[in-house]
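*Asks:* Shown below is the structure under consideration.
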Amino acid sequence: MDPFTVVSLSGELALTTVGIAEPRLISTIVGHAPPIHLILNMSRVAFMDSAGISLLAKTHFAVRSTRGTLRLVIPDEALPRRMLSVTGVDQSIKVTDTLARALNEGLAELGAR
């Protein structure tokens, strides 16, 4: 059984769109038996503002409250990746450049527990 739940986001994660993404993420977390090991595939997110960063922080908190893990998939040169780096969010939420790497690193982390 795959221990990971993968949710893909695309487009913009901004003030005008977080109202659509947030209920989807929260229902995924609440509807899953704890712990949830969530991977957000953001490889197709072209833009993210402070509202998007806030949503990621809320999601991280919700996942951690289940004793789960959160990983983000964002290509190295993508604007959202730079935003996470500048704000320091990438120091508390794990970010990788590909879904395959996120899955492999997640499996290794779960195996070490």
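*Asks:* Do you know which residues across segment 1-20 are under 15 Å from the mean Cα position of the chain (by Cα) and assigned to a helix (DSSP H, G or I)?
*Replies:* Of everything in segment 1-20, just one residue is under 15 Å from the mean Cα position of the chain (by Cα) and assigned to a helix (DSSP H, G or I), namely Val18.
*Asks:* Name every residue in segment 1-21 that is of a type outside the set (Val, Ile, Thr) and buried (at least 16 other Cβ atoms within 10 Å of the Cβ), in order of residue number.
*Replies:* Of everything in segment 1-21, those that are of a type outside the set (Val, Ile, Thr) and buried (at least 16 other Cβ atoms within 10 Å of the Cβ) turn out to be Phe4, Leu9, Glu12, Leu13, Ala14, Ala21.
*Asks:* Would you call Leu55 of a type outside the set (D, E, K, R) and part of a helix (DSSP H, G or I)?
*Replies:* Yes.
*Asks:* Sort out which residues of segment 64-113 are among the small types (Gly, Ala, Ser), out of contact with any Lys or Arg (no Cβ under 7 Å at 6 or more places or on another chain) and either within 25 Å of Val30 (Cα to Cα) or without any contact (Cβ under 8 Å) to a residue 12 or more places away in the chain (or both), and write them in order of number.
*Replies:* Ser65, Gly68, Ser85, Gly88, Ser92, Ala100, Ala108, Gly111, Ala112 - these are the residues of segment 64-113 that are among the small types (Gly, Ala, Ser), out of contact with any Lys or Arg (no Cβ under 7 Å at 6 or more places or on another chain) and either within 25 Å of Val30 (Cα to Cα) or without any contact (Cβ under 8 Å) to a residue 12 or more places away in the chain (or both).
*Asks:* Criterion first (among the hydroxyl-bearing types (Ser, Thr, Tyr) and touching a residue at least 40 places away in the same chain (Cβ under 8 Å)) does Ser43 satisfy it? Explain how you work it out, then say what you get.
*Replies:* Details: among the hydroxyl-bearing types (Ser, Thr, Tyr): yes; touching a residue at least 40 places away in the same chain (Cβ under 8 Å): yes.
Yes, satisfied.
*Asks:* May I pose another question? Scan (1) over 14 Å from the mean Cα position of the chain (by Cα); (2) surrounded by 14 or more Cβ atoms within 10 Å (Cβ to Cβ); (3) under 16 Å from Gly11 (Cα atoms) for the single condition Ala46 breaks and write down its number.
*Replies:* All conditions pass for Ala46, except number (2).
*Asks:* Say we look at segment 84-113 and pick out the residues that are of a type in the set (D, E, K, R) and in a helix (DSSP H, G or I); which of these is nearest to the chain's Cα centre (by Cα)?
*Replies:* Asp90
*Asks:* All but one of (1) surrounded by 14 or more Cβ atoms within 10 Å (Cβ to Cβ); (2) part of a helix (DSSP H, G or I); (3) among the aliphatic types (A, V, I, L, M) hold for Ile39, so report the exception by its number.
*Replies:* Here Ile39 meets the rest and fails (2).
*Asks:* Here's something else I'd like to know. Suppose we filter Ala33, Ala62 for residues that are surrounded by fewer than 18 Cβ atoms within 10 Å (Cβ to Cβ) and among the hydrophobic types (A, V, I, L, M, F, W, C); which single one remains?
*Replies:* Ala33
*Asks:* Take the residues in segment 92-112 that are under 13 Å from Met42 (Cα atoms) and among the polar types (S, T, N, Q); name whichever of them is surrounded by the fewest Cβ atoms within 10 Å (Cβ to Cβ).
*Replies:* Thr98
Bear in mind these aren't lab numbers, they're just calculated from the coordinates by the rules spelled out. Predicted, not measured: the structure shown is a model, and the values here were computed from it. Cβ sites come from the backbone with ideal geometry, for glycine too, and all protein chains shown count toward neighbours.
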